[in-house]
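Derivation of every value follows stated rules applied to the coordinates shown; laboratory data play no part. Keep in mind that this is a model prediction, so the values were computed, not measured. Counting neighbours? That spans all protein chains shown, and the Cβs are built from the backbone with ideal geometry, glycine included.
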Amino acid sequence: MPWQRVTEAAVDLHEALLGVGLKSFAKTTGGKGLHIVVPLIPKLGWNEVRAFAKWVADSFVAQRPEDFTANMAKTARRGRIYIDYLRNSRGATAVGAYTPRAREGAPVSTPLLWDEVRNGVRPEGLTVNTVPKRLAMFASDPWANIGKVGQSLSAPVRRRVGI
């Protein structure tokens with residue numbers, strides 16, 4: 001999968017979320033992908049949040065089935081970007097921000113600015129050796145305000161999703 005397709009898809013997801021009134025944050029996985037994180041005030045339960053994430057994924061698949069899949073089977077992913085809404089299930093795991101991965105080059109799951117995503121920042125350049133230098137160039141961490149985003153799913157969005 002060309003990385004440019006992954007970053008373009010992430011930007012599309014970011015813009016779609018803004019379209020329903022939600023700020024989002026991006027980070028590399030330390031592997032081949034990106035995570036889009038939507039901080040929410042904990043008003044809803046796991047099932048409702050997962051239903052929203054599934055709705056987002058299904059909406060993208062319905063609009064562009066040649067580009068996206070929400071099916072976790074590797075055979076269903078060929079040539080398509082997998083939107084993993086199941087990371088929003090109770091007990092599911094995800095790699096935390098700034099976590100080094102046990103892979104060649106010691107990549108780090110790294111929070112990004114949306115401008116970096118738009119400009120195609122490459123995950124293989126984000127390693128245990130480069131991330132500290134990268135952070136020193138910023139006035140603050142790219143996710144410095146993630147805990148201050150007080151947002152929830154609006155009533156119109158919940159109605160559209162059916163939750």
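Subtracting the Cα-Cα distance of residue 87 and residue 118 from their residue separation scaled by 0.36 nm leaves 8.8 nm. A Stokes-Einstein calculation at 4 °C with viscosity 1.567 mPa s, built on the Kirkwood radius of the chain over Cα pairs, returns a diffusion coefficient of 78 µm²/s.
Once R0 is set to 35 Å, what does the formula 1/(1 + (r/R0)^6) return for the Cβ-Cβ distance between residue 146 and residue 3, expressed as a FRET efficiency to the nearest 0.05? Please list the in-between numbers first.
Numbers: r = 24 Å, r/R0 = 0.68.
The formula returns an efficiency of 0.90 here.
The alpha carbon centroids of region 49-70 and region 123-163 are separated by 21 Å.
When the chymotrypsin sites (Phe, Trp or Tyr not before Pro) in region 90-143 are filtered for DSSP coil states and for at most 15 other beta-carbon atoms within 10 Å of their beta-carbon, the remaining sites are 138. Backbone geometry of region 26-43 corresponds, through the Karplus equation with coefficients 6.51, -1.76 and 1.60 at θ = phi - 60°, to 3J(HN,Hα) couplings of 10, 8, 6, 8, x, x, 9, x, 10, 10, 9, 10, 10, x, 10, 5, x, 9 Hz, x marking Gly and Pro. Annotation note: GluC sites (Glu not before Pro) in region 1-55 located in DSSP loop regions with a Cβ neighbour count of at most 11 within 10 Å are absent.
Please give the calculated 222 nm ellipticity per residue for the chain, where each DSSP H segment of at least 4 residues contributes -39500 (n - 2.57) and the sum is spread over every residue; nearest 500 deg cm²/dmol? It would help to have the intermediate numbers written out before the result.
Working: 6 runs with 57 residues, N = 163.
Value at 222 nm, helices only: -10000 deg cm²/dmol.
Distances between placed amide hydrogens fall under 5 Å for residue 112 paired with 26, 27, 28, all partners being 5 or more residues away or on another chain. The 3J(HN,Hα) values that the Karplus relation (6.51, -1.76, 1.60; θ = phi - 60°) gives for region 129-136 are, in residue order, 7, 9, 4, x, 5, 4, 5, 5 Hz. Gly and Pro appear as x. At most 11 other Cβ atoms within 10 Å and a DSSP loop assignment: could you name the trypsin sites (Lys or Arg not before Pro) in region 62-119 that fit? The qualifying sites are 78, 90, 103. For a straight C-alpha distance cut-off of 29 angstrom, the lysines reachable from residue 32 (same-chain residues fewer than eight places away being disregarded) are 23, 54, 74, 133, 148.
Does region 43-115 classify as rounded, prolate or oblate by the C-alpha gyration tensor (a ≥ b ≥ c root eigenvalues; a/c under 1.5 gives rounded; else a/b over b/c gives prolate, otherwise oblate)?
On the way: a/c = 1.84, a/b = 1.24, b/c = 1.48.
Here region 43-115 falls in the oblate category.
Rounded to the nearest 10 degrees, the angle from helix 3-19 to the longest Cα principal axis of the chain is 50 degrees.
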